[in-house]
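**Q** This structure is in structure tokens; I'll ask about it shortly.
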Amino acid sequence: MNTSGPSRPAASLSARGKLLLVWAATVLVLLGVVTAGVVRTGPDPRTDFLTGPQSQQDEKPAAAVPATRAPRAAVDLDAEIERILAANSGYRIGVVLADTHGGEPRSYGDGTEFVAASTAKIITAAAYYHLVEAGEKSLDAPLGSFDAAFQLQAMVNASSNDAWLLLIQDIGYPELIEYAASIGISYDPEQNLLTAAEMAELLKQLSTGKLLNAEHTQELLGYMQKTNNERLIPAAVGPDITVQHKYGELEGYVHDAALLTSGERSYALAIYTWGEDGESKERLAVIHGLTEVVTRALLE
């Protein structure tokens with residue numbers, strides 16, 4: 001018996017194995033060709049598709065385009081003020097605007113005298129400081145329950161009528177009239193009448209140092225900031241404009257007179273009004289409207 005088995009079946013098996021190896025090799029070759037083709041035809045690494053996070057961080061963002069605000073239309077100051085006055089003809093209104101650097105003041109509306117109310121306290125304050133500078137009065141001198149310096153601040157910043165009366169009596173009525181005349185203002189404290197033009201001129205002289213020395217000028221102007229009533233001119237002025245003012249209210253008279261300053265530009269604005277309603281929303285709207293027109297035209 002032949003234990004090694006027939007020879008042909010063994011040869012046939014060997015051939016089949018070789019055939020399988022050839023097919024496997026062929027498949028591997030084909031796979032390699034396809035893979036190489038895919039790699040060669042894939043995305044260009046220079047494009048954003050393969051851009052890594054680091055390379056994106058290295059890219060400089062496009063510069064932001066600054067937002068631009070459309071320029072505001074030019075304001076016809078005279079026409080706008082006249083329009084406001086015409087729209088509020090139920091009130092007596094006098095408006096005077098004076099450039100503190102010089103030139104003729106602009107006047108609108110009623111140019112006659114008004115009861116000045118507390119705006120005239122600036123005349124009394126200037127007169128008292130003038131006497132101090134002349135050596136005739138002292139800010140440290142007792143006056144009422146306090147000293148003169150306290151009464152000046154109370155009169156201007158808090159609009160105290162008690163302080164006003166004490167200071168007028170200490171100055172003397174004839175002397176106060178004489179002082180007002182010396183600075184070009186016709187004023188009698190018993191009648192307490194002023195025009196808006198006189199009030200604007202007073203503020204102009206004060207701001208330019210023509211009335212008092214530098215120390216007293218700055219002190220008085222300081223009292224005219226952040227007063228106990230900021231509802232009138234200050235309420236209509238932007239934060240970039242400095243306001244130093246004195247308001248006055250009495251029996252239908254509602255006034256405000258202010259120095260408005262922005263950079264090198266400075267104007268004295270006096271708004272005197274009379275009506276039946278006192279400090280109403282309508283009266284405030286008139287004063288605010290006039291102030292806004294002036295600041296838009298000259299200070300913005």
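Coordinate-derived values only; no laboratory data. Bear in mind the structure is a predicted one, so any value in this text is a computation, not a measurement. Using ideal geometry, Cβ is built from the backbone for each residue, glycine included, and neighbour counts are taken over all protein chains shown.
**Q** Full-extension gain between E175 and D99, please, as 0.36 nm times their residue separation minus the C-alpha to C-alpha distance.
**A** 24.4 nm
**Q** If you don't mind, there's one more thing I want to ask. Extent of segment 213-300 along each principal axis, from alpha carbon coordinates, in Å, largest to smallest?
**A** Per principal axis, max minus min of the Cα coordinates gives 40, 29, 17 Å.
**Q** Show me the ranking of peptides 167-174, 136-143 by mean Cβ neighbours inside 10 Å, starting with the highest.
**A** Result, highest mean Cβ count within 10 Å first: 167-174, 136-143.
**Q** Which percent of Cα-Cα pairs in segment 77-298 sits in each 5 Å bin, short to long?
**A** 1, 7, 16, 20, 21, 16, 10, 6, 2, 1, 0
**Q** Which order do peptides 238-248, 176-186 fall in by mean Cβ count within 10 Å, highest first?
**A** Values: 238-248: 19.6, 176-186: 16.1.
Highest-to-lowest ranking by the protection proxy: 238-248, 176-186.
**Q** List the pairs from K121/K281; K204/K281; K137/K246; K121/K226 whose alpha-carbon separation is above 21 Å, in the order I gave them.
**A** Violating the 21 Å Cα-Cα cut-off are K121/K281; K204/K281; K137/K246.
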